[in-house]
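Every read-out reported here was derived from the displayed coordinates using simple, explicitly stated rules and does not represent laboratory data. Keep in mind it's a predicted model, so treat the numbers as computed, not measured. With ideal geometry, Cβ positions are generated from the backbone for all residues, glycine too; neighbour counts draw on all protein chains shown.
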Amino acid sequence: MIDMKQYGFIETPPPRFGLIPARVTEQQRELYTVVCPHGEATAMLSGAFRHYAEAGEYPCVGDFIWLEYNESGHSRITELIPRRSSFARADFSGHAVGYVKTIQQQIVAANFDTVFIVSSLNKDFNVNRILRYLTQAWQSGGVPVVVLTKADLMDEADCLAAVASVEEAAPGVAVYAVSAHTGEGLDTLAPHLQPGKTVVFLGMSGVGKSSLLNALMQESVMHVSAIREDDARGRHTTTHRALFILPSGAMVIDTPGMRELGLIDAEKGVSVGFADVEELFTQCRFTDCRHETEPGCAVLAALEDGSLLPERWERYHAQVREIKFTEDKAAYFQSKKTWQKSLAIHTRKNKKKR
């Protein structure tokens with residue numbers, strides 16, 4: 001029998017007799033691969049689960065679930081155990097189940113302890129993009145760590161400068177420069193890769209997530225694709241989400257590279273990532289200060305004396321603007337759905353009159 005604690009499961013009583021805990025390790029459309037006390041099994045959602053589940057509540061890799069185990073066929077997933085952490089991105093595809101009045105969220109990973117924000121030290125290195133991922137990481141409930149890959153492509157001075165630029169933009173966040181090719185810096189990640197702990201990899205295509213995973217696994221478990229030399233970007237290597245157990249006993253959730261990351265419901269993440277900026281708001285003379293020309297504005301004073309860098313102030317504003325854009329886009333799609341539904345009803349009524 002497998003002890004589920006080694007997979008990060010926290011002892012929880014089952015909702016009814018006959019159910020056992022399991023963790024989702026892979027998803028291929030409607031079929032899930034799970035690990036449970038009896039070992040690895042394939043599972044499908046129960047009919048009741050499908051009927052009552054709302055958008056965003058379908059299992060994803062990393063989820064703990066209650067399982068009706070079947071040793072001779074597909075087991076059934078009956079219930080989702082509440083998530084300790086989850087990573088979501090905006091989904092405007094309209095493929096969510098049912099009709100809901102809010103923007104859809106696509107959950108891409110769950111129940112992780114640490115978020116490795118993976119970015120490569122090549123032409124595609126971008127501090128602002130790293131900050132956007134960090135905001136979502138803070139929002140998710142996981143602890144963010146920035147891992148700069150392909151350190152072998154830079155000389156030591158440039159590598160240290162890149163690390164310093166991220167540390168300056170994200171105070172208090174651990175930043176490491178590593179090379180999956182040479183093994184440089186991989187040992188510095190050990191404190192975040194302890195037995196029973198789960199790490200999720202997030203980053204754009206071509207940043208070296210698959211190579212990093214192979215290096216940590218000490219074997220080739222993921223295909224590695226070449227990147228385009230003109231812009232240092234690559235195609236998607238990971239085509240599905242999967243959970244891997246490292247030799248250290250830690251687990252890694254590898255997700256497909258995301259070319260666009262929309263900040264959704266990320267106000268908490270912004271507040272954590274830019275706590276120093278929002279702390280200044282409390283020191284302004286007026287509670288409704290717009291931080292433009294008002295007397296007694298702590299933000300303007302900090303910008304003037306240099307304690308708040310213009311770049312950090314602009315990065316804060318950029319993320320606030322993106323959240324508003326996401327919300328406005330959601331409102332637009334909701335309005336469009338309402339209009340289409342109204343038009344369909346009107347059309348059906350007209351047909352009946354003819």
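Computed quantities for the displayed model
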{"item": "Rounded to whole Hz, the Karplus (6.51, -1.76, 1.60) HN-Hα couplings of the range 192-204, x for glycine and proline", "result": "9, 10, 8, x, x, 8, 10, 10, 10, 8, 9, x, 5"}
{"item": "Cα-Cα P(r), the range 4-82, percent of pairs per 10 Å interval", "result": "19, 60, 21, 0"}
{"item": "Dipole magnitude of the range 104-254 about its Cα centre (Cβ charges: Lys, Arg +1; Asp, Glu -1), debye to nearest 20", "result": "640 debye"}
{"item": "Burial ordering of Ser211, Ser72, fewest other beta-carbon atoms within 10 Å first", "result": "Ser72, Ser211"}
{"item": "Charge context of Glu68, other residues only, Cβ under 12 angstrom, K/R +1, D/E -1", "result": "0"}
{"item": "Pair Ile245, Asp3: separation of 7 Å Cα→Cβ label points (nm)", "result": "1.2 nm"}
{"item": "Relative contact order (%) - criterion: Cα under 8 Å, at least six apart; region: the range 104-254", "result": "25 percent"}
{"item": "5 angstrom amide H check on Gly206, placed H, neighbours 5+ away", "result": "Gly234, Thr237"}
{"item": "Contour minus Cα-Cα distance for Arg16 and Arg29 (0.36 nm per residue)", "result": "1.9 nm"}
{"item": "Simple spin-label estimate for Val320 and Ser220 in nanometres, 7 Å along Cα-Cβ", "result": "5.0 nm"}
